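The values are calculated or read from the model by the stated rules, or taken from the named source; none is laboratory data. Computed from a prediction, not measured in an experiment: that's the story for all the values here. Glycine gets a Cβ as well: all are built from the backbone with ideal geometry, and neighbour counts include every protein chain shown.
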Amino acid sequence: MRALATVLSLCLFAPLAIADGGPEPGWEASAAVRSAPALAPIGAEDVPARCGAIAKRTFAPSPGQALSARIALAGCIADARLAPLSLIDGQESVLAIEGAVVPAFHLLDGVVDAGDPSMKVIALRAKADLFAQMCTRMMNTVPPPADTSAEAAALRETRRQIVDGMTQDWRAHAREAHQAVVDLGKRHPELQRNPVVQAAIRDSARQLAESLASS
């Protein structure tokens, strides 16, 4: 799911793609004085060094390019802030993950608020995929059985169920985002002309159906 969001973001972001040698130092100094209408400014403290080049592109004069860059930046920030976390199967790790992704969700919510229907779809799909990524990170904290005994297997399953319960809110938020994508597709038939957006809508519908079938 995360991979699909990355592909969708890159598809929309393609017009901005240039050869990068890494983050561009001083992006905040050259770009902080400019911001797209109705979009909150991006704090330099929220942008990891490796995301600096993408951050600079969020100030593109084209609203579509600026919003597209914000989606890509959200993914970069989330990846950079989640990667170094040392997680265990406990509530403290849930809080650590939630704290790490706050700037990413802030960016995506801004795109949902300001974007046209196609941008809303892509931002909502990125939100759903980020929630799924968070769930995966937490579920991966459950250690394997200590040995091959039935007792060890039962203990692991108990721990897995506990962690699964910790992620239920995230799963619900992911379903809400998928549902919003599907609803946008129904309200805006013109989106059928955009193959990238249509792929996102179809995949959200599929994931909603799978979630309903497994519940």
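So here's what we get for this one:
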| quantity | calculated |
| --- | --- |
| Output for the stretch 67-96, where each listed residue is assigned to a helix (DSSP H, G or I), aliphatic (A, V, I, L, M), surrounded by fewer than 23 Cβ atoms within 10 Å (Cβ to Cβ) and touching a helix residue (DSSP H, G or I) at 6+ places or on another chain (Cβ under 8 Å) | Ala80, Leu82, Val94 |
| Residue satisfying condition, being among the charged types (D, E, K, R), within 30 Å of Val197 (Cα to Cα) and at pLDDT 95 or above, within set Arg175, Arg160 | Arg175 |
| Sole exception among (1) modelled with pLDDT of 95 or more; (2) touching a Pro at 6+ places or on another chain (Cβ under 8 Å) for Pro117, by number | (2) |
| Selection within the stretch 139-157 - closer than 30 Å to Ser204 by Cα and part of a helix (DSSP H, G or I) | Met139, Glu157 |
| Flag for Pro41 being out of contact with any Pro (no Cβ under 9 Å at 6 or more places or on another chain), at pLDDT 95 or above and surrounded by fewer than 18 Cβ atoms within 10 Å (Cβ to Cβ) | no |
